[in-house]
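For reference, the structure discussed in these notes is given below.
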Amino acid sequence: MAKTSLLRPLAVAAAGVVLVATGAAHAAAADSGTAGAPASDLPGVLAALQATSAAGAPGAFAVIRDHDGTDNTRSVSVGRADLDGTPMNSSWRFRVGSNSKMFTAVLVMQLVQEGRIDLDKPLRDYLPDGTLPAGWAMTGRQVMEHRAGIYDHTNDLLEQASEETTSAFEARIRTKVYDPRDLVAMSVKHGVQYTPGSRYSYSNTDFVLLGLAVEHLTGQPFAEVLNERIIQPLSLTGTSFVVPDQQIQGAHVTGYLTNDDRSKPLLDSTQQTGSWVWSAGAVISDAEDLDRFLTALLAGGEGGLVSDDSLRQMTAALPTPTAKISYGLGLRRISLSCGDVYGHGGIVQGFQTQSFVTQDGRRSVVVFANASNNGAVTQGLMNTLEPAFCGKKPAVAPRSFFAPKADVAGVDAPGTAPVAGLPVVEDTRI
């Protein structure tokens, strides 16, 4: 049942703060760092998380793990896991949104390694007949890079005129069960948006198509393939793909959808089928599993997920229109002051996550907040990455966090837009 109490930013900002460290690290004002990795600025991470919470999220956390032969883990949590007052817990499960794309990309690359798909041939050759029209020759590589010209079907589900986001969620997303082929059909009716390969445009439909290719080539449901090839081998005990079940089993954070009318209460959006984003965004996981998955992926052949050659292809990211952000094969690259990090972001109703790791796998960072449809919350999470990876303090000022600007893609509150810190990436609209 949806919560009806209003979230007051000042009250949330005053909520409890928890710093936890294990192994070689200790809860302290600064982190000692590791060989080859600068010390994390824990006060800077905390400041960014507090700004995230003050901006409208009930709670937020960051988990920083160093892989240098010791168990060096730092966890910083602020606020609440639900509006009933439960403290935020960084070990609990949540919906990871578009972080799911990394899992789907790994499955595709495994099929590439097995010779079952050629990324430089039309993807339609590896899909059930009729999924894409004849003549749609965009390659698997172009689809994975979001350079295929395929319309994002989520536009049709979220951007209906004269409807609030919460209304759209209740009407078309929370309990609705979509066949992934119907999601593709929504996209196809809009036609090819541009010459494949000529530009970058983020599309969730791209990774629904890749999920369909995985099913078609293996003859198994996507959930089974994911379980057999990634979840079980890595012992990801907190990770699951349960579409269309609405529940998150076990201890989990409650997610809240921010109403377009900010005077209205947050909506408990935890229960939802996830079918509207399917293989593009419906994975459930936790911070520990995301760390394990990312470090195994960036280890290449030694990690057991993909070969060294596959990893090179995945990390060969091309520029996007967003400064400091590039995109490869299901992996996003962010250029920080201390070097590049690889991973993905994910936003699905009620949940926001950014999960990244250094190219050498020495440090991973998972940051999370339990509110969506709020660009200020997204900006706050992005501002944790620089201090977590590089030790620099984020450009966060609670009272000058925004400057007047027109609403962008329905993300930010009217009359506000983020002005400081790492740019907000383009998947924020879901």
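Between residue 251 and residue 175, the simple label model (points 7 Å from Cα in the Cβ direction) yields a spacing of 3.2 nm. Between the amide H of residue 59 and those of 80, 370, distances stay under 5 Å, these residues lying 5 or more places away or on another chain, with hydrogens modeled in the peptide plane.
Couplings for region 245-255, taken from phi via the Karplus curve 6.51 cos²θ - 1.76 cosθ + 1.60 with θ = phi - 60°, read 4, 8, 7, 9, 6, x, 5, 8, 7, 8, x Hz in order; Gly and Pro are left as x. Cα convex hull, region 217-325: 170 Å³ per residue, rounded to a whole number. Mean silhouette area of region 260-391, derived from the convex hull of its C-alpha atoms and averaged over all directions, reads 9.1 nm².
Whole angstrom only: what separates the Cα centroid of region 331-355 from the Cα centroid of region 58-136? First find each Cα centre; the distance between them is then 10 Å. Ranked by the mean number of other Cβ atoms within 10 Å of their residues, highest first, the peptides 63-74, 311-322, 338-349 come out as 338-349, 63-74, 311-322.
Charges only on Cβ, +1 for Lys and Arg, -1 for Asp and Glu: so what's the dipole of region 302-396 about the Cα centre, in debye to the nearest 20?
About 320 debye.
Considering only protein heavy atoms and a probe of 1.4 Å, how much of the accessible area of region 312-381 is carbon and sulfur, as a whole percent?
Values: 790 of 1600 Å².
Result for region 312-381: 49 percent of the exposed heavy-atom area is carbon or sulfur.
Looking at region 105-171, none of the trypsin sites (Lys or Arg not before Pro) sits in a DSSP loop with at most 13 other Cβ atoms within 10 Å of its own Cβ. For residue 317, neighbours were defined as the other residues whose beta-carbon sits under 10 Å from its Cβ, and their charges (Lys and Arg +1, Asp and Glu -1) total 0. Rounded to whole numbers, the Karplus 3J(HN,Hα) couplings from phi for region 50-64 are 5, 5, 4, 5, 5, 6, x, 8, x, x, 7, 8, 9, 10, 10 Hz, using 6.51 cos²θ - 1.76 cosθ + 1.60 with θ = phi - 60°, and x at Gly and Pro. For region 171-260, rounded, prolate or oblate, judged on the Cα gyration tensor with a ≥ b ≥ c (square roots of eigenvalues), a/c < 1.5 rounded, else prolate if a/b > b/c? Note, shape of region 171-260 comes out oblate. Protection proxy ranking, highest mean first, for peptides 375-386, 186-197, 247-258: 375-386, 247-258, 186-197, where packing is the per-residue count of other beta-carbon atoms within 10 Å, averaged.
Spin-label model, residue 216 to residue 182: label points 7 Å out along the Cα-to-beta-carbon direction sit 2.0 nm apart.
Placing a label point 7 Å from the Cα of residue 318 along the Cα-to-Cβ direction, the residues of region 149-186 whose backbone N falls under 13 Å of that point are 149-150. Each of the peptides 52-62, 360-370 was scored by the mean count of other Cβ atoms within 10 Å over its residues; in descending order, highest first, they stand as 52-62, 360-370.
The values are calculated or read from the model by the stated rules, or taken from the named source; none is laboratory data. Predicted model only: the values in this text are computed from it and were never measured. Cβ sites come from the backbone with ideal geometry, for glycine too, and all protein chains shown count toward neighbours. These accessible areas exclude ligands, DNA and RNA; they are computed on the full protein's heavy atoms, side chains included. Shrake-Rupley method; radii C 1.70, N 1.55, O 1.52, S 1.80 Å.
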